[in-house]
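Below is one structure, written out as structure tokens, with a few remarks after it.
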Amino acid sequence: MGKRRRVAERRRTGPAVVGGMIAVVVGGAGVGAYALYGGGAAAEDNKATTAAAHKKAVKTGPLSAAEVATTAQTFLTTWQQGRLPQAAAATNDPAAATALLTGYAKDAHIQGLTLTPGAPQGAKVPFTVKGTVSYQGVSKPLTYSSAFTVVRRAEDGKPYVDWHANVVHPDLADGDTLVTGESGTPPVKALDRAGGEITEAKYPSLGSVLDGLREKYGKKAGGKAGIELRVVRGKESKAKKLSDKTVLELSKGTPGTVKTTLSPRMQAAAEAQVAKRARASVVVVRPSTGEILAVANSGHGFNTALQGSLAPGSTMKIVTSSLLIDKGLASSEKQHPCPKYFTYGGWKFQNDDEFEIKNGSFKASFARSCNTAFISQAPKLDDDDLTRQAQQVFGLSMNNWAIGVPSFDGAVPVQSAAQKAASLIGQGGVRMNPLNMASVAATVQSGSFHQPYLVSPEVDGRSLAHASRSLSPSTLSQLRELMRYTAAAGTAAEAMSGLGPDYGAKTGSAEVDGQEKPNGWFTAYKGDLAAAGVVQAGGHGGDTAGPIVASLLRMG
């Protein structure tokens, strides 16, 4: 009996000594099961301690100068040495970086790189690129500047190059590539209406226009392609209607010739005017024909004048006024409400400085740009009324303009409730550019829509867009009176001083989220000239875009 008891005791205590590991594993499993059902405080404490230790190990906060310098050196050195996987690993998007850096050597045929960093500006590191582009026995040196920003990755706290395509070359947008080879299209020699050659050196605003002309007319104009390094646009850039861009010409092709409608005198003046203000754009057209006489932007990258998509603010009231007059909801000389506030669709709208006009006419409201005079009519309009008016009378928002280069034709979507009301004063979903608003003024001046164009349709037999109807004589007469009165005694009077009596204008200010000052708009006509301009973040249109537009109209 005693012997059996000693054996049993040995059996009970033996595994605890001999099988200590087993006891730990079993204990762990038991704790795990318990934790699953709501217990395991000790295990949870261990997890919290481990997580806290891991979190403490991850660096946060601003990058040190040493981190920026080391990351920049690693990236630039490995790229220069052709160790592309290592260079890509120094970025926060290794897959995209590998693809573009590989194409840089393989498709762009850029060799013998020397990458020289400049002095970092905080986390931003400028650098210069020197190399040679070689293709089919033809070589040419390549030099340019670029930059990248070093960022701390949240997951591990390590510094990496913030990857975007423009790190490789400043003309690249994400999704674009660099390619060297026979140019996709032959070069073109663009001429102004007087037969003079148009060059980017002479007219800095026209770089993107020349790219667009080449893309559309290079093959049709009879030229022969050369060899070049060029930016080939990706999906996102094509959606924005950006054209391929020549970076370096290795051998010249034989250009074809394309004549445009641009006036050398007007274009030079437009360039000089927009240069006086940051982010300014302007377009001048001839109302009787639709010919584009000038296109200029103070920023020489994206062509806001032709391709911009901005809320036009109160210049849109020209289109809205034509609709209200057509429907009998307003008349130039008749009394029209202009209260301080008007609520519609849950939004409370107000006028600039909360002004009101008591017992005033619609003409007075238009000239002073009373928002509530237009918003107050929203309950009487169908959701698609403004869209149909813009399309049928002014030729807008149908994506069918064929001006000869890429352009945006305006957008006036069907909207309801508060957004419908906002659209009546050029906010909401309404989007325009100076080309569109110059065309609106031109339609009022000429009495009917003529699609603007930069290259005559006779050059390639293309069809121009048409509006399905014109304004009635009564509506047209009142609309001209509204714009004439605004130019003479309203918000446009200062800019348009001395240009009357055969003139008309409308100012606009468009609020932009996160922007301290609104975009300033101005559109006007004088004789057989119409123009529109915008100064982004400039403030009131009469003070900013107005002088630009008026100075060009004085040349008529």
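The values are calculated or read from the model by the stated rules, or taken from the named source; none is laboratory data. Owing to the predicted nature of the structure, the values given are computational and were not obtained by experimental measurement. Neighbour counts are summed over all protein chains in view; Cβ atoms, including those assigned to glycine, are modelled from backbone coordinates with ideal geometry.
Descriptive notes on the structure:
- Residue match in segment 385-406 (condition: over 18 Å from residue 344 (Cβ atoms) and among the basic types (Lys, Arg)): yes
- When residue 418 is tested against (1) crowded, with 24+ Cβ neighbours inside 10 Å; (2) in contact with a strand residue (DSSP E or B) (Cβ under 7 Å, 6 or more places away or on another chain); (3) within 18 Å of residue 385 (Cα to Cα), exactly one condition is not met: (1).
- When residues in segment 100-126 are screened for being closer than 26 Å to residue 67 by Cβ, surrounded by fewer than 17 Cβ atoms within 10 Å (Cβ to Cβ) and hydrophobic (A, V, I, L, M, F, W, C), 1 of them pass.
- Number of residues in segment 221-271 that are farther than 11 Å from residue 187 by Cα and part of a loop (DSSP other than H, G, I, E, B): the value is 11.
- A single member of 415, 419 is at pLDDT 95 or above and in a helix (DSSP H, G or I), and it is 419.
- Those residues of segment 506-519 which are more than 15 Å from residue 538 (Cβ to Cβ) and in contact (Cβ under 8 Å) with a residue 24 or more places away in the chain, in sequence order: 506
- Candidates are the residues of segment 516-531 that are modelled with pLDDT of 95 or more and either among the aromatic types (Phe, Trp, Tyr) or surrounded by fewer than 15 Cβ atoms within 10 Å (Cβ to Cβ) (or both); the one that is farthest from residue 319 (Cα to Cα) is 527.
- Exactly one residue among 467, 492 is farther than 18 Å from residue 363 by Cα and among the hydrophobic types (A, V, I, L, M, F, W, C), and that residue is 467.
- The listed residue being assigned to a loop (DSSP other than H, G, I, E, B) and either polar (S, T, N, Q) or outside the structural domain of residue 126 (by TED's automatic domain parsing) (or both), out of 212, 181, 175: 175
- Residue within segment 139-150 that is out of contact with any Lys or Arg (no Cβ under 9 Å at 6 or more places or on another chain) and either without any contact (Cβ under 8 Å) to a residue 12 or more places away in the chain or of a type in the set (A, V, I, L, M, F, W, C) (or both) present: no
- Any pair with Cβ under 8 angstrom, 6 or more apart, that starts in segment 340-353 at a residue that is β-branched (Val, Ile, Thr) and ends at one that is in a strand (DSSP E or B) and modelled with pLDDT of 95 or more: 343/349
- Residue check for residue 439: more than 27 Å from the chain's Cα centre (by Cα), within 30 Å of residue 221 (Cβ to Cβ) and outside the structural domain of residue 209 (by TED's automatic domain parsing): no
- Helices (runs of 4 or more DSSP H) wholly inside segment 447-556 containing at least 3 residues that are under 25 Å from the mean Cα position of the chain (by Cα), assigned by TED's automatic domain parsing to the domain that holds residue 367 and under 21 Å from residue 266 (Cβ atoms): 545-553
- Within segment 298-307, the set of residues being surrounded by fewer than 23 Cβ atoms within 10 Å (Cβ to Cβ) and either within 17 Å of residue 395 (Cα to Cα) or aliphatic (A, V, I, L, M) (or both) comprises 307 only.
- In segment 350-363, the residues that are assigned to a helix (DSSP H, G or I) and either outside the structural domain of residue 427 (by TED's automatic domain parsing) or out of contact with any His (no Cβ under 8 Å at 6 or more places or on another chain) (or both): 352, 353, 354, 363
- Boolean, residue 295 is buried (at least 22 other Cβ atoms within 10 Å of the Cβ) and under 20 Å from residue 546 (Cβ atoms): yes
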